[in-house]
Amino acid sequence: MNQKLYVGGLVPLTSVDYPGRLAVVVFLQGCPWRCVYCHNKHLQAILPAESLPWEDILNLLMMRRGFIEAVVFSGGEPLFQSTLAEAMEEVKSMGYLIGLHTGGAYPDRFAKVLPMLDWVGFDVKQAFSKYRTITRIDGSGEKARESLSLLLGSDVDYEVRMTMDSSIAIDDVKEAMAEISQMGVRKVVLQKCRDCEKNEVDHPIFSDKVTLEDISKRFDDFFVRA
Ligand code: SF4
């Protein structure tokens, strides 16, 4: 790889970050959004001095071939770095399945890597017209909608997640779920938000069984994750 990839962290072995497979998670630096509940603020900026050498990660992947089956690129927003596609090609050529966590901030870059992907965890932040209330960036909802549309137009397996920040009204959740079900999303998880100490923050939707039941009818797979 000619250009540098800035890596902010690594989980060398996980059984929960790629469906049904043992995986490595690579956390990339950089994100264009500033979500109100972000727990990865240390990954929002590119900090070369704190970056792990990509060559070390390739060496680890070389040694673990046959044991680890998948590599998940997470962040930050992994597509913030234009060198991601090249890094994915290297990993794919070793025989690994490729996973990506993304909020969809870069539809053009997403379209470029989509043919290499085997699974995507796609974060939906809000009803698309209200994205700014979470990301604090104008136009973020349109980017996310475009990226999600690309994902749904591919045959790449995925899970759509929405984190239930307390600022999101139940009506907004209903609006977001209606929008994505109309787009064709079939798999959705509502995730509980966590505070700075990583304690669960409650959201009224989790005790609103009628609304959860109504939302669940829109999808083939729908569940709540703590
Ligand atoms: S997209 Fe993710 S990494 Fe970026 S600010 Fe939002 S929560 Fe944090």
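Give Gly20, Gly8, Gly75 a once-over and let me know the one that is closer than 30 Å to Met164 by Cβ, more than 13 Å from the ligand (Cβ to nearest atom) and under 18 Å from the mean Cα position of the chain (by Cα).
None of the others qualify; the one that does is Gly20.
Step by step: first the residues of the stretch 157-200, then only those that are farther than 21 Å from Arg132 by Cβ and either touching a Cys at 6+ places or on another chain (Cβ under 7 Å) or modelled with pLDDT under 95 (or both), then the one that is surrounded by the fewest Cβ atoms within 10 Å (Cβ to Cβ). Which residue is that?
Glu197
Here are some conditions: (1) assigned to a helix (DSSP H, G or I); (2) β-branched (Val, Ile, Thr); (3) within 16 Å of Tyr158 (Cα to Cα). Val188 meets all but one. Which one does it not meet?
Val188 satisfies all of (1) assigned to a helix (DSSP H, G or I); (2) β-branched (Val, Ile, Thr); (3) within 16 Å of Tyr158 (Cα to Cα) except (1).
Give all pairs with beta carbons closer than 6 Å in which a residue from the stretch 16-40 that is basic (Lys, Arg) meets a residue that is surrounded by fewer than 23 Cβ atoms within 10 Å (Cβ to Cβ); count only pairs at least 6 apart in sequence or on separate chains.
Going by the 6 Å Cβ cut-off, the qualifying pairs are Arg21/Glu69; Arg21/Ala70; Arg34/Arg136.
Out of (1) in a loop (DSSP other than H, G, I, E, B); (2) crowded, with 17+ Cβ neighbours inside 10 Å, the odd one out for Asp138 is which?
Only one criterion in (1) in a loop (DSSP other than H, G, I, E, B); (2) crowded, with 17+ Cβ neighbours inside 10 Å is unmet by Asp138, namely (2).
Checking Gly153 against (1) surrounded by fewer than 21 Cβ atoms within 10 Å (Cβ to Cβ); (2) touching a residue at least 12 places away in the same chain (Cβ under 8 Å); (3) not basic (Lys, Arg), which test does it fail?
Answer for Gly153: the failing condition is (2).
State all residues of the stretch 121-135 that are among the hydroxyl-bearing types (Ser, Thr, Tyr), within 15 Å of the ligand (Cβ to nearest atom) and assigned to a helix (DSSP H, G or I); if no residue qualifies, say none.
Result: Thr133, Thr135.
What are the residues in the stretch 2-50 that are surrounded by 14 or more Cβ atoms within 10 Å (Cβ to Cβ), polar (S, T, N, Q) and over 28 Å from Gly139 (Cβ atoms), if any?
Residue satisfying the conditions is Thr14 alone.
The values are calculated or read from the model by the stated rules, or taken from the named source; none is laboratory data. Just so you know, these numbers come straight off a predicted model, no measurement behind them. Cβ: placed from backbone, ideal geometry, glycine included. Neighbour counts: every protein chain shown.
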